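The values are calculated or read from the model by the stated rules, or taken from the named source; none is laboratory data. All values reported here derive from a predicted model rather than from experimental measurement. Here the Cβ positions follow ideal geometry from the backbone for every residue, glycine too, while neighbour counts run over all protein chains shown. For accessibility, only protein heavy atoms count, side chains too; no ligands or nucleic acids. Shrake-Rupley method; radii C 1.70, N 1.55, O 1.52, S 1.80 Å.
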Amino acid sequence: MSAAVPVFTPVHLLTGFLGSGKTTLLRRILKDPALAGAAVLINEFGEVGLDHHLIERIDETTVLLQSGCLCCTIRGELADAMRDLLSKRERGLVPAFDRLVIESTGLADPFPILSTIRADPVVSHHFTVAGTWATIDAVNAPDGIERRVEMRKQIASADRILLTKTDLVAPAEAAALRSRLALMNPAAEIRDANAAGWDVTWLLSETPAESVDDDTHHHAHGHGHHHHRHDPNRHGDAIEAFSIVPDRAVDWTRFGVWLSMLLNRHGSAILRVKGILDLEGEERPVAVHGVQHLVHPPTHMAAWPSDDRRSRLVFIVDGIEPDRIRRSFDAFVLGETTSVIAARIEAA
């Protein structure tokens, strides 16, 4: 039976550094009935493509992109492949796939891939980013996080993180890595790929807004805010996670302009921002999500996930002081006037 074609076909990006188990995971999850109607795009770095053979599912909806990195040399090819799949689906030349999974090369920065999906007019009219999954190798990640900026960006962009090769390290080492990842990306849900407690349904489900909380211990309470000086979320000298939790509703226009200008100026340093907003004049919360310069369309949620109706924003930044972002938020979003926009953003 053909899959029902959704209005916007959800796209799931599978990322993770070289050797972290992406293809193994993909081969495993494609056997699940929930992904029976999925199309797959596989990108490899190297002269000879192999991964598409390893997943044991070769049909018209499994496409190997030419050698190169999705984040740089073949972004155009990604859009071309997605448009080609779309055209073939509309003409009945391939099964009516109901979602798309993209496996990126281990050297890819997720942001340009996500940006390509949003920027191409045809692709963005038919596809929507539904989530980013990252495989993190428990053996090599502790050292790789320090040395590879690609790995840090993959972790920061992920909605779901799967720890792999945990059977090859001591339980204490796996637990320490998990805690480290939770500090680097407080908004992501983390599971052990070798353990129970997760399935394909968990991967495909929308990221719950309640995962965006104030666990990072940095709160901004209106104009009388306070910031804890102890910082358990700093990673090395550059990567840091923090949150802003104002005590009153925010104006959507002010917030939108502030976030757009902030990411326009500092997007390369802001690996991720995710949150739910209590907006003036709105009963329901609005979920927001941005990766570097890319801001996803806001989503109106059905209801608040808890009795706490405060806005909650979680940032993951690289090389920019959180206080600079907090000050600009306080001045513009919570401020009395809008005359300080340019000055505050410029100073951030």
Next on the checklist: Skipping prolines and chain starts, which residues have an amide H placed within reach, meaning under 5 Å, of the one on VAL101, given they are 5 or more residues away or on another chain?
Outcome noted: HIS12, ALA39, VAL40, LEU41
Next on the checklist: Need one number: nm distance between label points at LEU168 and ARG118, each 7 Å from Cα along Cα→Cβ, rounded to one decimal.
Outcome noted: 3.5
Next on the checklist: What is the sum of charges, Lys and Arg at +1 and Asp and Glu at -1, for the other residues whose Cβ falls under 12 Å from the Cβ of GLY290?
Outcome noted: +3
Checklist entry - Going out from 0 in 5 Å bins, what whole percent of all Cα-Cα distances in the range 239-333 drops into each bin? => result 3, 14, 26, 28, 17, 10, 3, 0
Checklist entry - Ignoring ligands, DNA and RNA, what percent of the 1.4 Å accessible area of the range 239-333 is carbon and sulfur? => result 48
Checklist entry - How much accessible area per residue does the range 239-333 have, in Å², with a 1.4 Å probe? => result 37
Checklist entry - Is there a pair in LYS31/LYS165; LYS88/LYS274; LYS88/LYS153 whose C-alpha atoms are over 31 Å apart, and which pairs would that be? => result LYS88/LYS274; LYS88/LYS153
Checklist entry - Tell me, what ³J(HN,Hα) does each residue in the range 272-282 have, in order and in whole Hz, if you take phi through Karplus 6.51 cos²θ - 1.76 cosθ + 1.60 with θ = phi - 60° and put x for Gly and Pro? => result 6, 9, 8, x, 10, 10, 8, 9, 4, x, 10
